[in-house]
Amino acid sequence: MRVRRQRRHRKAVRFYTACFGFRQPFRVLCDGTFVHHLVVNKIAPPDKALSDILSASVKLFTTRCVLNELRRLGGSHAHSLNAAKDLMIARCDHEGKMKADSCILEIIGENNPEHFFVATQDTDLRRKLLEIPGVPAIYGLRNALFLEQPSTTQRQFVKTSEEGRLHMTELERKMLKKRTNILGAKMSEDSSDEQEDSGEQNLESSALTKPQAVNKILGVKDKVQFKRKKAKGPNPLSCLKKKAHENSKPSSEKEKKDGDGTVRSRGRKRKRSRKGKISSDVGAG
């Protein structure tokens with residue numbers, strides 16, 4: 001049961017966050033009845049209990065009118081008055097002379113600009129708050145706290161506003177019409193210039209349809225044009241002629257001409273070591 005309740009609370013918080021711009025830490029405006037309920041049922045600390053149902057950090061507020069109302073109720077609400085004094089004070093210009101529920105409704109206004117969660121045990125006040133777009137209500141039941149689900153009025157307001165964003169407004173329609181007239185005039189001027197220049201350009205401009213002409217003026221391409229790869233030439237290094245490897249200098253050591261013109265090859269003489277020469281002489285002796 002508790003898991004299902006937490007799931008409903010998270011869903012409601014996401015609704016107000018996505019559709020009405022609520023941001024953390026959430027601001028909770030408490031009236032005297034809610035503060036008294038927290039004290040009687042010993043729900044402490046209150047900010048921890050509220051942050052559990054909203055799954056986020058919270059800041060608790062009250063008004064001077066709520067404090068004055070608790071003060072007028074006497075000693076039975078003395079502990080509730082002390083607990084309410086620990087909360088932050090939301091600004092109101094009533095100086096404590098207005099009823100608490102009327103003060104809260106005036107702070108909320110028509111669209112809840114301060115993005116308050118309103119915590120109250122007053123059933124009539126909760127019913128009025130749920131008729132205002134973007135006002136979530138919190139109430140307590142024994143030692144548990146609950147977040148009211150978005151009302152039908154609030155859901156219908158969100159649906160209507162979303163449909164309104166999909167359609168063009170009157171101002172946007174006028175701006176589009178003005179822009180279209182400017183483009184049409186510019187297109188006619190360009191076509192007249194092309195007719196004066198050459199007959200071929202006149203044929204090309206007459207062949208274009210109106211959307212194509214507008215796209216041409218705006219520089220928008222109708223189709224995606226891919227850059228074609230051009231055939232590359234051969235590698236210039238591969239086209240070089242092979243060099244002939246010729247010996248410019250004749251080998252004087254290998255070939256020499258005799259006086260009579262004959263070629264005499266000269267072999268390479270092997271050098272003998274001194275040890276080998278002595279051994280050859282001994283063998284000859």
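The values are calculated or read from the model by the stated rules, or taken from the named source; none is laboratory data. The shown structure was predicted, so the numbers you read here are calculated from the model rather than taken from an experiment. Methodologically, a virtual Cβ is constructed for each residue, glycine included, from the backbone with ideal geometry; neighbour enumeration extends over all protein chains shown. SASA here: full protein model, heavy atoms, side chains in, ligands and nucleic acids out. Shrake-Rupley method; radii C 1.70, N 1.55, O 1.52, S 1.80 Å.
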* Asked: region 124-155 to region 50-88: how many Å between their Cα centroids?
  -> 18
* Using distinct alpha-carbon pairs, which all enter the 1/r mean, Kirkwood radius of region 70-132 in Å -> 13.2
* To do: Could you give the spread of the C-alpha atoms of region 1-46 along their three principal axes, from largest to smallest, in whole angstroms?
  => 34, 27, 16
* Write out the trypsin sites (Lys or Arg not before Pro) in region 106-148 meeting two conditions: DSSP loop, and at most 13 other Cβ atoms within 10 Å of their Cβ. => Arg142
* If Lys242, Lys59 are ordered by their accessible area, calculated over protein heavy atoms with a 1.4 Å probe, which sequence runs from highest to lowest? -> Lys242, Lys59
* Asked: Counting only protein heavy atoms and using a 1.4 Å probe, what share of the accessible area of region 2-77 belongs to carbon plus sulfur, as a whole percent?
  -> 51
* **Residues whose placed amide H lies under 5 Å from that of Asn112, excluding near-sequence neighbours** => none
* If you keep only loop residues by DSSP, which GluC sites (Glu not before Pro) in region 99-156 have at most 14 other Cβ atoms within 10 Å of their Cβ? -> Glu110, Glu114, Glu131
* Structure fact -> Counting Lys and Arg as +1 and Asp and Glu as -1 over every other residue whose Cβ sits under 15 Å from the Cβ of Glu95, the net charge comes to +3
* Structure fact -> For Phe117, the residues 5 or more places away or on another chain with a placed amide H closer than 5 Å to its own amide H are Arg27, Val28, Leu29
* Accessible area of Met168, 1.4 Å probe, to the nearest 10 Å²? -> 90
* Asked: Cross-link list Lys59/Lys85; Lys48/Lys85; Lys128/Lys159: which exceed 24 angstrom alpha carbon to alpha carbon?
  -> none
* Sorting Tyr139, Tyr16 by accessible area (1.4 Å probe), largest first, what list results? -> Tyr139, Tyr16
* To do: Label region 1-114 by shape, choosing from rounded, prolate and oblate, from the square roots a ≥ b ≥ c of the eigenvalues of the Cα gyration tensor; if a/c is under 1.5 it is rounded, and otherwise prolate applies when a/b is larger than b/c, oblate when it is not.
  => oblate
